[in-house]
Each structure stands twice: as C-alpha cells, then as structure tokens.
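Below is one structure; the comments refer to it alone.
The values are calculated or read from the model by the stated rules, or taken from the named source; none is laboratory data. None of these values were measured; they are calculated from a predicted model. All Cβ positions, even for glycine, are placed from backbone atoms using ideal geometry, and neighbour counts span all protein chains on display.
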Amino acid sequence: MRTTELLAPTLREVPAEAEVVSHQLLMRAGFIRRETAGFYNYLPLAMRVLKKINQIIREEMDRQGGQELLMPIVQPAELWQESGRWDVYGPELFRIKDRHNRDFALGPTHEEIITALVRGEVSSYKQLPLLLYQIANKFRDERRPRFGLMRSREFIMKDLYSFDRDYEGLQVSYEKMREAYTQVFRRCGLRFRPVEADSGAIGGSDTQEFMVLADSGEATVLFCENEACDYAANVEKAASAPVTAAPVEEQKPLAEVPTPGAHTVEEVAAFLNVAPQRIVKTLLYETEKEVVAVLVRGDREVNEVKLANALGCLQLNLAGPDTVSSVTGARVGFAGPVGLKVKILVDREVAVIVNAVTGANKDDMHLVNVNPGRDFSIDIVDDLRMVRAGEPCPRCGKALVEAKGIEVGQIFKLGDKYSKALGALYLDESGQSRPVIMGCYGIGVTRTMAAAIEQNNDKDGIIWPAAIAPFQVIVVPVSAKDATQMDAAEDVYNRLVAAGIEALLDDRPDRAGVKFKDADLIGYPLRITIGARALANGQAEVRVRRTGEVMMLAMDELESRIAELLGGL
Ligand code: ATP
Ligand code: MG
C-alpha cells in the first residue's frame with residue numbers, strides 16, 4: 001500500500017470534543033470520524049487494526065472449540081418480553097417499530113436471540129456442550145456516550161455463549177473462555193488483569209472482568225502486591241482480610257455530649273479529640289421496600305454494591321434530609337444507631353468496635369462509648385465498605401495495591417436464567433427434561449482498540465503493539481524528488497511485502513519532516529528511512545517507534561532483520 005492511495009486524513013489540531021488521549025489520537029491520526037454523538041465511521045487504518053484484533057479473537061475462540069455464527073441486530077420485542085428484559089433494560093435499549101407497528105430492539109447483547117436459536121435446534125444431551133459466538137455491531141443508547149470509542153452507542157463486540165448440560169460443564173466452558181481471553185489480550189500486546197467483579201444483587205454467580213491497565217481507566221481495581229497471589233478484584237467487589245480480634249479495652253458508660261455545629265467526621269473528630277476510626281458513621285438508605293441504617297467506620301466509605309447484595313434489593317438510594325429527620329428526629333449529620341427503629345446493618349469493622357462515637361439522633365448531639373450489642377442491636381453484619389490500597393489481601397494478607405483499568409471484556413456464568421425463561425430445554429441421558437446451563441462472554445473490540453492507545457502512546461502519537469498495528473513498517477524516502485531514493489524505497493517496500501511483512505510506502509511529495517510526524521502520530525512500530533548517505537553505504541536507517549532507538553541496517557539483510565525486530569515488539 002502507498003500513502004498516496006490511503007485515506008488517512010491526519011489533523012494537526014486536537015479536536016475540541018476529544019477528552020481522552022485515545023479519542024484525540026484516533027481522530028488526529030485519521031482512524032475515525034464522528035457521525036453523531038456515539039456513532040463513528042471507521043476509516044481504513046482503523047479497519048486494519050480491528051481486523052487484526054478480530055483475527056486474534058477468532059483464533060482463540062476457535063482453539064477452545066468456539067463456532068462462529070452471525071445473528072440479526074434487529075431483535076423482536078417478544079423475545080425480550082419472554083426473558084423479562086423488555087421492561088427492565090430501560091432507556092439504554094434502542095427500541096424501533098416496523099411498518100406494522102411491531103416493536104423491535106437493536107441488540108445491545110444477544111442472550112435472547114441465541115437462547116431462542118438453541119431452544120429450536122438443541123434437544124438432546126448429545127448436542128451439548130456448545131460454544132457459539134459472533135463478532136458484530138451492538139447498540140446501547142448510553143446515558144453519556146463519551147471518550148470516543150470507549151463508550152459509544154454503536155460498537156463492535158465479540159459475544160460468545162456457552163451451553164452445557166450442568167454446572168460442571170459450565171465450569172469447564174468458563175475456564176476455557178478465561179484462558180481464551182487471557183491469550184487474546186496477551187497476543188494483542190496489552191498489559192491487563194482479570195479481576196473478580198460483582199454479578200448483581202440477584203444471582204451470585206462467578207464473573208470476571210478483563211481490565212487493561214491505564215491511568216485513564218474509569219474502573220478502579222485492587223490486586224495483591226504479592227506476585228505469587230493472584231487476588232484481583234474491581235473496587236465494587238474487592239474485599240480485605242477481616243479484622244478478627246477486638247482491641248482489648250473496657251466498655252465505658254454511654255454518655256451524650258454536645259457537639260454544636262460539628263456534623264462531618266472530621267469536625268466531630270476534632271471537636272471531641274478522637275481518631276476518625278473511633279467514630280461510626282450512620283447512613284440511611286431507602287430501598288424499594290424499606291429505610292435501613294448502615295454503619296461504617298468514620299474513615300471508611302459505604303460500598304453500595306455490597307450493601308444492595310446484603311439487602312437483596314433492586315433499588316438503593318441515600319435517604320434525603322426529610323427522611324433522615326423523620327426517621328432520626330435530627331438534622332443530617334447526627335444520626336446514630338442507639339434507639340433507631342429501622343433495620344441496622346453494620347460493617348464487620350464496626351461490629352468489633354469498642355467505645356465508639358455516634359450521632360445521638362438529636363441536633364448538635366453525639367454519643368460516646370457506644371458499644372454494639374450492648375447499646376443497640378444489629379440486624380446484619382457483613383462486609384459493606386469500600387476497600388482501599390494498603391489493606392491486607394483477603395487471600396494472603398499482603399498489601400493490596402490500586403490501579404486504574406479499562407474493562408475490555410467480561411466473562412459471566414449465567415446458569416439457567418435465560419434457558420428457563422425462554423424454555424431452552426434438553427433431554428438428559430435418563431430422558432429427563434432440563435434447562436441448558438449457560439455462560440456469556442463479551443469482548444469490546446472497538447474499546448480494545450481505544451484501550452491499546454490509552455496504554456501505548458507518547459507526546460508524538462500512538463505506539464501500536466506490532467500484533468495489532470495497521471501496518472508494521474513504513475518506508476520513508478527522505479527526498480521524494482530524488483529518483484535513486486525513490487527507486488530504493490520502492491525496492492525495499494517490494495522486498496518487505498514479498499517477505500510477508502505489512503509495509504506501507506510513503507510516496508508523498510512532502511518534506512521528510514511532515515512524513516516523519518505522520519508516521520509517529522499513526523504509530524507504525526518501525527520506520528525505515530531511505531536517505532542519500534546511508535544508501536551510498538548500502539544501508540537503511542531503521543527507527544523503533546516505542547524506544548526511539550535508531551539503527552543502520554545493511555540493505556541486503558533488511559527483511560530478515562525487520563522480521564526479527566517485529567518479533568520483539
Ligand atoms: P460498561 O460497564 O463499561 O458499561 P458493560 O459491563 O455494560 O460495560 P458488557 O455488557 O459486559 O459491558 O459488554 C461486554 C464488553 O463490551 C465490555 O467489556 C466492553 O468492552 C464493551 N462495551 C460495553 N459497552 C460499551 C460501549 N458503550 N462502548 C464500547 N464498548 C462497550
Ligand atoms: Mg461488563
């Protein structure tokens with residue numbers, strides 16, 4: 001391919017709407033153009049990257065026994081009504097009507113469609129297990145489409161669904177997919193981690209997210225500093241080793257103290273001259289069923305995902321000032337568990353606290369020497385708080401460290417949720433009818449491309465890992481007016497292509513500086529510069545994009561040395 005034939009419109013300016021580096025660089029380097037909010041055109045360079053990611057995905061899915069198929073994007077509402085999701089999916093679901101006024105959805109995911117397909121085609125245990133996947137466009141009317149390809153309204157996803165006879169089978173399929181995902185992201189040249197994630201209030205099945213580690217990531221992950229320990233979880237799920245022994249301290253008599261104007265933990269701690277760890281925060285939450293009080297230590301934060309799981313509720317909101325004053329009889333800032341008439345949930349750390357400070361349920365008053373069990377009764381003790389870096393790993397006790405990540409994939413054990421709802425049953429060996437046991441596994445292909453850039457860039461542009469670069473090598477003649485240089489560049493280009501290396505020849509009449517800038521911006525792993533002096537010595541200059549390292553290579557061994565270099569990139 002020659003640059004003069006390639007549609008790769010680079011921009012000198014950073015587009016105003018692009019907030020994150022991947023969005024800026026995809027726009028500036030001529031990979032994407034926005035159609036309207038959350039919808040993009042993928043230009044030829046982007047397509048080359050996406051095809052490579054897809055190829056890696058296909059190979060790894062197929063290696064595990066996956067079979068590729070393709071399902072319709074337009075999905076009838078009836079199937080979504082059967083699964084119950086037509087009503088619960090909410091405004092993220094793009095809904096359309098056909099000319100007969102029938103309802104349809106643009107697929108945000110394909111559990112309904114594939115379960116209906118399998119329902120019709122699978123009837124015996126002999127046909128199981130099955131791993132079926134597609135790579136296709138998905139539609140989600142995101143509340144805030146942003147960050148370019150990171151959160152768009154149309155995106156490309158690989159979605160695989162596993163169908164097994166039982167939960168042991170599901171475990172095997174799940175492990176296969178975990179291995180496949182690990183290989184996919186490793187082969188894409190990314191630094192990533194699989195982390196435990198929350199599976200939602202209903203269920204409690206296993207799920208893991210694959211996170212590309214990058215400072216710009218929206219997700220926070222915690223993992224063990226101990227390399228031999230593989231504990232890693234996202235912040236919603238992360239736990240730390242529980243405190244067991246209570247500090248040895250005698251329980252003192254409960255007392256009320258005035259704390260005028262002090263309602264934050266810091267203010268109360270300063271006013272009473274106690275450590276924030278001794279203060280207990282009482283937060284009121286409203287669910288669809290009731291108002292509850294949640295107690296965490298003053299230096300901790302409530303984890304609402306854990307709280308919702310502990311309550312088994314669907315909706316959870318921090319109570320407003322009116323509810324707070326009607327339940328506690330005091331303004332916000334003075335709630336406490338003593339005498340409270342609602343369900344009381346305490347975090348494990350609070351359950352073992354001695355002589356704590358809490359609100360007194362009276363304006364400008366706190367209680368000191370509050371002891372759980374003695375002064376108030378507890379309905380639920382659970383891990384209800386956010387875990388932070390530095391806390392002990394729940395598996396090995398070493399310190400947890402925190403990092404930012406971009407979720408590029410997720411694997412999930414579904415069980416019989418969809419097969420039961422849609423009636424995807426099979427006959428087992430004894431002739432008994434059973435629901436197939438399912439798993440679902442997604443990779444965001446377009447988000448993976450963006451995540452690769454978030455992780456691999458510098459001030460000059462993108463630095464593609466060689467495995468997913470749009471071209472591996474760009475050949476740049478220094479002077480386009482010099483026929484000898486152009487002929488030599490042409491020759492090098494042809495030899496690389498013949499050797500199976502994906503090369504691009506920059507045959508534009510521009511100055512070398514312009515061509516170098518574009519090459520850095522687009523991020524080809526290697527640049528071969530054909531200049532007069534080196535040419536006279538039978539050499540070409542090779543520059544490694546990632547390190548900036550420059551080397552002079554003999555013309556006659558160029559192909560083999562380039563292939564060698566690419567192997568390490
Ligand atoms: P998120 O929490 O980021 O909204 P999700 O958990 O809803 O994502 P899944 O349903 O697990 O997403 O979809 C599988 C994969 O599809 C995700 O891991 C992600 O890589 C990708 N993906 C999901 N939503 C988007 C989007 N709006 N734009 C681009 N990729 C997306
Ligand atoms: Mg997900």
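Candidates 242, 247: the one that is at pLDDT below 90 and in contact with a helix residue (DSSP H, G or I) (Cβ under 6 Å, 6 or more places away or on another chain) is 242. One residue alone among 124, 162, 199, 173 is modelled with pLDDT of 95 or more, in contact with an Asp or Glu (Cβ under 8 Å, 6 or more places away or on another chain) and not β-branched (Val, Ile, Thr), and that residue is 173.
Please verify whether region 253-264 includes one or more residues that are more than 16 Å from ligand 1 (Cβ to nearest atom), over 22 Å from residue 149 (Cβ atoms), in contact with a Cys (Cβ under 6 Å, 6 or more places away or on another chain) and in contact (Cβ under 8 Å) with a residue 12 or more places away in the chain. Please lay out each step first, then the result.
Quick first cut of region 253-264, residues more than 16 Å from ligand 1 (Cβ to nearest atom) only: 253-264.
Narrowing the set further to residues that are over 22 Å from residue 149 (Cβ atoms) leaves 253-264.
Now restrict to residues that are in contact with a Cys (Cβ under 6 Å, 6 or more places away or on another chain): none.
For region 253-264, residues more than 16 Å from ligand 1 (Cβ to nearest atom), over 22 Å from residue 149 (Cβ atoms), in contact with a Cys (Cβ under 6 Å, 6 or more places away or on another chain) and in contact (Cβ under 8 Å) with a residue 12 or more places away in the chain: absent.
Quick one: how many residues across region 83-137 are surrounded by 14 or more Cβ atoms within 10 Å (Cβ to Cβ), free of Cβ contacts under 8 Å to residues at least 24 places away in the same chain and either on the phi > 0 side of the Ramachandran plot or basic (Lys, Arg) (or both)? Total satisfying the criteria: 1. Just one of the listed residues (320, 298, 312, 261) is surrounded by fewer than 19 Cβ atoms within 10 Å (Cβ to Cβ) and touching a helix residue (DSSP H, G or I) at 6+ places or on another chain (Cβ under 9 Å), namely 261.
If you check 335, 293, which single one turns out to be part of a strand (DSSP E or B), in contact (Cβ under 8 Å) with a residue 40 or more places away in the chain and surrounded by 19 or more Cβ atoms within 10 Å (Cβ to Cβ)? Spell out the reasoning first.
On the way: 335 fails: part of a strand (DSSP E or B).
Checking each option against the conditions leaves just 293.
Screening residue 377 with (1) within 26 Å of residue 214 (Cβ to Cβ); (2) surrounded by fewer than 16 Cβ atoms within 10 Å (Cβ to Cβ) gives one miss only, at (1). Against the test of being away from ligand 2 (no atom under 16 Å from the Cβ) and more than 15 Å from residue 347 (Cα to Cα), the options 206, 198, 230 yield a single qualifying residue, 230. Only a single item in (1) at pLDDT below 95; (2) surrounded by 18 or more Cβ atoms within 10 Å (Cβ to Cβ) is not met by residue 144, and it is number (2). In summary, residue 345 fulfils each of the numbered conditions (1) in contact with a helix residue (DSSP H, G or I) (Cβ under 9 Å, 6 or more places away or on another chain); (2) more than 21 Å from residue 287 (Cα to Cα); (3) modelled with pLDDT of 95 or more with the single exception of condition (2).
Taking residue 416, is it away from ligand 2 (no atom under 16 Å from the Cβ), surrounded by fewer than 16 Cβ atoms within 10 Å (Cβ to Cβ) and of a type outside the set (A, V, I, L, M, F, W, C)? So residue 416 fails the test.
For region 55-68, state whether one or more residues are within 30 Å of residue 516 (Cβ to Cβ) and in contact with a Pro (Cβ under 7 Å, 6 or more places away or on another chain).
Taking every residue of region 55-68 in turn, none turns out to be within 30 Å of residue 516 (Cβ to Cβ) and in contact with a Pro (Cβ under 7 Å, 6 or more places away or on another chain).
Residues that are out of contact with any strand residue (DSSP E or B) (no Cβ under 7 Å at 6 or more places or on another chain) and within 16 Å of ligand 2 (Cβ to nearest atom): does region 162-175 have at least one? Scanning region 162-175, I find no residue that is out of contact with any strand residue (DSSP E or B) (no Cβ under 7 Å at 6 or more places or on another chain) and within 16 Å of ligand 2 (Cβ to nearest atom), so the answer is no.
Checked against the criterion of being buried (at least 22 other Cβ atoms within 10 Å of the Cβ) and either farther than 15 Å from residue 54 by Cβ or away from ligand 1 (no atom under 15 Å from the Cβ) (or both), the candidates 161, 181 yield just one match: 161. All of (1) crowded, with 20+ Cβ neighbours inside 10 Å; (2) over 36 Å from the mean Cα position of the chain (by Cα) hold for residue 463 with one exception: (2).
Among the residues making up region 140-152, those that are more than 16 Å from ligand 2 (Cβ to nearest atom) and either within 24 Å of residue 415 (Cα to Cα) or out of contact with any His (no Cβ under 8 Å at 6 or more places or on another chain) (or both) are 141, 144, 145, 146.
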